[in-house]
Each structure stands twice: as structure tokens, then as C-alpha cells.
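Below you'll find the structure, written out as C-alpha cells, and then a few comments.
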Amino acid sequence: MDIRQITGFGGVERTPERSARTERPKSTSGQADGQSGGRPVDGASISEVSRETAASVDPLTERARREDPERRDKVAIAKKRLESGDLTAKDVYRAVAKTLLESGEF
């Protein structure tokens, strides 16, 4: 797995530019055929489950974004170990899984 190209922290853009670009007046035509003055009308909704999921992921995202003074060093060490193959052993997978389960995040 190549993690060098990861540039974002999630698939949802939550910037003011995104909101301004996507907010348009809503059609109130109420036409059943999905047309409004000859133009198609699109719609979308986000389920409650999806909203809850996003709400639970946001604190994790913020936690990951916080600057830890030792983070750069930890990332550099992990990157070297990953590139050298040290992190592909089954005991490493077990240790990571155990840590994740004990964290209470999952």
C-alpha cells in the first residue's frame, strides 16, 4: 500500500466554497415528472444513519489533525519500518488489532 499520495482527511469537502457552489434556490414547482420550467430538478437527502456516522467520525478526524510535537518523528519511523517490510509480520497485525480494540474507538 502506497500512502505517500494521501492528501485529504476525508471525502467530504466542508469548506465555504463548497457550500456556496452547491446552494441553489430550491424548486417549488411540485411537478411529479421532475421537471421545472423545462429543466430537470435533482434532489438528494442524507439519511439519519449517515449523519450519525459523520458525527462520530468528525472527532476522530480532529484528533488526527491535531499537531503532536512528536508526530513527525513517529510518522518518519513508521514510514521507514513500512518501507523496509518490518510491519508485515502477523505478530504486528495482531498487536495493531489489539491496540485498536482496546482503544474503544471501534
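The values are calculated or read from the model by the stated rules, or taken from the named source; none is laboratory data. In this text the structure is predicted, and so the values were computed from the model without any measurement. Ideal geometry is used to build each Cβ from the backbone, glycine not excepted, and the neighbour counts take in all protein chains shown.
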Would you tally the residues in the range 64-92 being under 26 Å from Thr53 (Cα atoms) and either acidic (Asp, Glu) or surrounded by 10 or more Cβ atoms within 10 Å (Cβ to Cβ) (or both)?
3
Of all residues making up the range 62-85, the number that are modelled with pLDDT under 85 and assigned to a helix (DSSP H, G or I):
5
So, in the range 37-61, how many residues would count as being among the acidic types (Asp, Glu) and exposed (fewer than 10 other Cβ atoms within 10 Å of the Cβ)?
2
